[in-house]
Amino acid sequence: MKKTIGIVNLYSNVDFMGLTKRRPVASVSFLGRYGLIDFALSNMSNSGIDAIGILIQEKPRSLFKHLKDGHSWNFNSKAGGVSLLYNEKYVNHTKYNNDINNLLENISFLENIPSDYIVIAPAHIITTIDYNKVVQAHEKSGAEVTMVYKPILDANISYVGGQILHVKKGEVKAIELNKGVKKAANICLETYVINTKTLLQIMRQAKDISTFFTLKDMFAYVCDERKIHAYEYNGYARCMDSINAYYKYSLELLNVDVYSQVFSNKWPIYTATNDTPPTKYLKHSDVKKSFVSNGAMIDGTIENSIIGRNVVIGKGAYIKNCILFNGSKVAGGAVLENVIMDKSAKIEKQIKLAGHMDAPLYIQDGDIV
Amino acid sequence: MGKEIVAMILAGGRGTRLEALTAKVAKPAVYFGGKYRIIDFPLSNCANSGIDVVGVLTQYESVLLGTYVGSGTKWGLDGSKSLAANLPARERGEVGATWYAGTADAIYQNISFIDQYDPEYVLVLSGDHIYKMDYDVMLEAHKEKNADATIAVLNVSIEEASRFGIMNARKDGKIYEFEEKPKAPKSTLASMGIYIFTYKTLRKYLIEDATKVDSHHDFGMNIIPAMLKDKKNLFAYEFNGYWKDVGTIESLWQANMDLLHDTVLDLYNYKKDWKIYTEDTLEKPQIIGEEAEIKNSLITQGCYVNGEVSGSVLFHGVRIAKHAKVVDCVLMPGVIVEEGAEIYKSIVNENEIITSNSCINSKAKKVVLVSQ
C-alpha cells in the first residue's frame, strides 16, 4: 500500500486581532471545546493518516500544550505520531519565515518517514474532507499535484485574498487571486495532495526562483509546467480568515442544518480532554440555542451563544450572540450582546456591553470589566 | 529503588442490588455523575495523592472494567514507572486456576505483583465508593503513629452503625476491637474499607491467612481481627468529607442528586487540584435547542436537549426531544426521550428509548429503574 503522510500548514496571513496576540489561529478555541486545528487533525486521523507534521509559523506555546504527543487524535505514538516543525532560525524574519523554509529546515521529517504522497491542509479553513478519497482520485488522475476546491457563490465576501481555480476537464488551468469581485468561483481550499518526490523537487526549485516563495506561490508557479488535478469538494467549508468570520461562522453552526453537515457519528472530531465535570445548570438558568461546554456553571439567561469550559454565569445575567472562552465569568445582572470574551476574562459589574453582529466586541484574556 | 506505596483497588464485586445496571458490568464500572464511572473516584484520588502504581483487582465482568482501566492513561498513570494494572483472578503456575476467595485472598494472590515494586506501604481500597480523599495525609498519619495498619473511618449515626464494620478505638485513635455489623454498637466509627498497611506486616499476615482452611480470607473478618489479637498497632483515621457507598438503586440515585444540591463532594474543583479524571468520550458539543428549559441539572458533552429538564443528571449522548419532560432522573449514556414523553424520579439504563408521549413513574413516590 502507498504511504500517505499529513502536513498541517499553519502559515498564513490570517490573524484574529486580540484572539491571536498570544496564540496561533490554529489553537483558537472553537465551539467551546475544540481548537481550530482539531478539524484538520481529525480529518487526517479519520482518513487513516497516522504520521503528521505541523508547520508552525509562530507563537507555539498553546499549540504544544494542546497537542502533546497527538494521543487525543489517535495517531499511533510509535509507528506514526505528530512532529512539531518549528523554524527557530527564521521565526523573527517575516519574509524568510515561510512554509518552504520551514520544511527545508525540518527536512528530516520528510526523510525519516518514507512516503509516496503528502496531504497538506490549513488549520483555518474548516472542512470535513476525507483525504483518503482525494488521494485515491489523485492516484487515478496520474497527476503529481491535486488541489481541492469548492464551488461557492459568495466569493465576493469569503476567501478574499485566497485563490480562484480555473478548472477544465478536471485539471487546474490557471490560478487567480480572489479580489472579492466575483460571487461564483471555484475557490481553492488550500488543501493539496502531492507526490512526495514532487514536493521535494518543488522546494528545491523554489530556492532557485525566490527565497521568499511560499508553497502557495510555488503551486501557482508550476501550474503551467505540470498537470494539476482538480478535486471538487462540496461538503462543509468555511474560511476563518478574520475575527469577524470566525464569529459569524461559529454562531452559524448553532443552526441544526449547518451543525449536521459538520458533526456525524461517522466522522468524529477529536480534541484534548480537560477533565471538567458536566455543565451545572442552576435554579435560574434559562438556556436556548447554544453550545455549552463541560465545567460551566450557569444561573443566567443564554441565547444563541457558545459557552466554553468552566465559564460561570451569575444569576440574572443575560448573554446573547456571544462567544465566551474557557474560564470567563459574567457576574449576575450583567448584559452582554455580540461579545467575544477571551479566556478567564471577568465581567464583575452589572453593566451592559454590546458589540455589533458584524463587529463583535472583544474582551481580552484575563481582563476585568 | 522501591516505591513508598502501592495501591490495590478491590474491584471484583458484582453489586447485585444494582439490578440490571450490573447485569453486564462490574459495580465499579457503573456510571455516576453524568460523566464518570464509580472507579474514577478511587483512581483519581490515587493520582492526586501522588500514588503512581495501582493494581485493580477484577473478577466479575473483568473484561469491560479491565479495558476501561487500560494502562491508567485516563488518570495520568502512564509514565515509565507508573501504571494502573488490571489484575483479574487467573490461572497460576503452582495452584492452577482460582477465583479470588475474599478481599484478603485477592491481595494475597497478587503478592508477586506488589513485591516487584518493593513498597514500604500498601493502600487497600474499594472500587465502589464515591468520595475525594488525600491518601497522602492518611499515610502521614500512619507513619507518625508508627502503625501496622491504619483504617479510614467515618463517624456515622448510632442508628446507622449496625450496618457497618465498627472500630472501637481509644482517644488517640488506637483500635482495640473490631465488630462487624454490631447489634449494640459501642462506637460510631464505621470502616470505609480503606486501609494502609505496612507491607512487611501485611505480607506475613496474608501468607498465614492463606493457609487457614476455615478463614474467609477477608480483611474485616480475618486479617484485622488477627492483627488485633496479636496486639498490633492499628489506628483509626477519621475522614470528614462526603463518602457514599452506592450499593442500591435508591442510593445511586440519591448520590447523583447530591451533586445537584450540595458542594460537599466538590466536583467543581473549588478547592484546587483535585479533579476527577475519566474517559474522554469524543462526543459532539452539548447542544441546547430553542425550546429547552433546564434547571438544577448536570448535563454533559454530546447531549442534545430541546425539552424540559429539571433536577436531573444526563450522561453523554442523551437526547431530549421537544415537549418532553424529565424530572429528578438519572439518564445513562445514549438514552433517548422522545417528543412529549414524561419521566419522573427514575434511573434509565444505557441506550433506552422512552417512547413518544409515554409517561413513567408520574407519582414519583419511589425511584424506579427503567431497563429492558
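The values are calculated or read from the model by the stated rules, or taken from the named source; none is laboratory data. Just so it is clear, the model here is predicted, and its values are computed rather than measured. Reconstructed Cβ throughout: ideal geometry from the backbone, glycine too, with neighbour counts over all protein chains shown.
Counting just the residues of segment B:52-98 that are of a type in the set (S, T, Y) and in contact with a Leu (Cβ under 8 Å, 6 or more places away or on another chain), which one comes out modelled with the lowest pLDDT?
B:S71
All of (1) crowded, with 23+ Cβ neighbours inside 10 Å; (2) more than 24 Å from the chain's Cα centre (by Cα); (3) not acidic (D, E) hold for A:Y247 with one exception: (2). Applying the condition of being out of contact with any helix residue (DSSP H, G or I) (no Cβ under 9 Å at 6 or more places or on another chain) and part of a loop (DSSP other than H, G, I, E, B) to segment A:242-266 and asking which residue is nearest to the other protein chains (Cβ to nearest Cβ) yields A:F263.
Checking B:V54, B:V6 one by one, the residue that is among the β-branched types (V, I, T) and either closer than 23 Å to B:S251 by Cα or over 16 Å from the mean Cα position of the chain (by Cα) (or both) is B:V6 and no other. Scanning segment B:217-233 for residues that are buried (at least 18 other Cβ atoms within 10 Å of the Cβ) and over 24 Å from the mean Cα position of the chain (by Cα) yields a single hit, B:M227.
Of all residues in segment A:229-241, those satisfying the criterion of being outside any strand (DSSP E or B) and surrounded by fewer than 17 Cβ atoms within 10 Å (Cβ to Cβ) are A:N234, A:G235. Out of B:D262, B:D214, one residue alone is modelled with pLDDT under 90 and either more than 11 Å from every other protein chain (Cβ to nearest Cβ) or under 17 Å from the mean Cα position of the chain (by Cα) (or both). It is B:D262.
Looking across segment A:314-329, the residues that are in a strand (DSSP E or B) and crowded, with 24+ Cβ neighbours inside 10 Å come down to A:I319, A:I323, A:L324. Listed by first and then second residue, the pairs linking a residue in segment B:301-324 that is within 11 Å of chain A (Cβ to nearest Cβ) to a residue that is charged (D, E, K, R) and in a strand (DSSP E or B), with Cβ atoms under 6 Å apart and 6 or more places separating them unless they lie on different chains, are B:Y304/B:R319; B:S310/B:K295.
Is segment A:283-294 home to any residue that is among the small types (G, A, S), out of contact with any Leu (no Cβ under 8 Å at 6 or more places or on another chain) and more than 22 Å from B:K284 (Cβ to Cβ)? If you could, list the steps in order and put the result at the bottom.
Residues of segment A:283-294 that are among the small types (G, A, S), as a first pass: A:285, A:290, A:293.
Going one step further and asking which of them are out of contact with any Leu (no Cβ under 8 Å at 6 or more places or on another chain), we end up with A:285, A:293.
Next, from what is left, pick out any that are more than 22 Å from B:K284 (Cβ to Cβ): none.
Among the residues of segment A:283-294, not one is among the small types (G, A, S), out of contact with any Leu (no Cβ under 8 Å at 6 or more places or on another chain) and more than 22 Å from B:K284 (Cβ to Cβ), which makes the answer no.
Going by what's in this entry, would B:F164 be described as farther than 26 Å from B:A84 by Cβ and aromatic (F, W, Y)?
Working: farther than 26 Å from B:A84 by Cβ: yes; aromatic (F, W, Y): yes.
So B:F164 passes the test.
Of all the numbered requirements in (1) of a type outside the set (G, A, S); (2) modelled with pLDDT under 95; (3) surrounded by fewer than 21 Cβ atoms within 10 Å (Cβ to Cβ), A:F219 misses one, and that requirement is (3). Among the residues of segment B:226-245, those identified as at pLDDT below 95, out of contact with any His (no Cβ under 8 Å at 6 or more places or on another chain) and not aromatic (F, W, Y) are B:N240, B:G241. Counting only residues that are out of contact with any helix residue (DSSP H, G or I) (no Cβ under 9 Å at 6 or more places or on another chain) and surrounded by 15 or more Cβ atoms within 10 Å (Cβ to Cβ), segment B:144-161 holds 5 of them.
Just give me the residues in segment B:56-76 being more than 14 Å from chain A (Cβ to nearest Cβ) and at positive phi, in sequence order. Of everything in segment B:56-76, just one residue is more than 14 Å from chain A (Cβ to nearest Cβ) and at positive phi, namely B:E61. When segment B:198-215 is limited to residues that are outside any helix (DSSP H, G or I) and among the β-branched types (V, I, T), the one that is nearest to B:A101 (Cα to Cα) turns out to be B:V213.
Being among the aliphatic types (A, V, I, L, M) and either surrounded by fewer than 19 Cβ atoms within 10 Å (Cβ to Cβ) or more than 9 Å from chain A (Cβ to nearest Cβ) (or both) is the filter here; which residues of segment B:267-300 pass it? Residue satisfying the conditions is B:L282 alone. Go through the residues of segment B:52-72 one by one and say whether even a single one is surrounded by fewer than 18 Cβ atoms within 10 Å (Cβ to Cβ) and more than 17 Å from B:A29 (Cα to Cα). Looking through segment B:52-72, none of the residues is surrounded by fewer than 18 Cβ atoms within 10 Å (Cβ to Cβ) and more than 17 Å from B:A29 (Cα to Cα).
Listed by position, the strands (runs of 3 or more DSSP E) contained in segment A:110-186 that have at least 1 residues being surrounded by fewer than 19 Cβ atoms within 10 Å (Cβ to Cβ) are A:145-152, A:163-168, A:171-177.
Determine whether A:Y221 is within 16 Å of the chain's Cα centre (by Cα) and more than 14 Å from chain B (Cβ to nearest Cβ). Talk me through it step by step, then tell me what you get.
Numbers: within 16 Å of the chain's Cα centre (by Cα): no; more than 14 Å from chain B (Cβ to nearest Cβ): yes.
Judged against the criteria, A:Y221 is not a match.
Annotation: A:H124 fulfils all but one of (1) touching an Asp or Glu at 6+ places or on another chain (Cβ under 7 Å); (2) within 30 Å of A:N326 (Cβ to Cβ); (3) without any contact (Cβ under 8 Å) to a residue 60 or more places away in the chain; the unmet one is (3). Mind checking which residues of segment A:273-313 are within 30 Å of A:T128 (Cβ to Cβ), surrounded by fewer than 20 Cβ atoms within 10 Å (Cβ to Cβ) and more than 8 Å from chain B (Cβ to nearest Cβ)? Across segment A:273-313, the qualifying residues are A:N274, A:E303, A:N304. Per the conditions (1) assigned to a helix (DSSP H, G or I); (2) facing chain B (nearest Cβ under 7 Å); (3) not small (G, A, S), the sole criterion not satisfied by A:Y270 is (1). Of all residues in segment A:97-109, exactly one satisfies the criterion of being within 23 Å of the chain's Cα centre (by Cα) and either surrounded by fewer than 16 Cβ atoms within 10 Å (Cβ to Cβ) or β-branched (V, I, T) (or both), namely A:I100.
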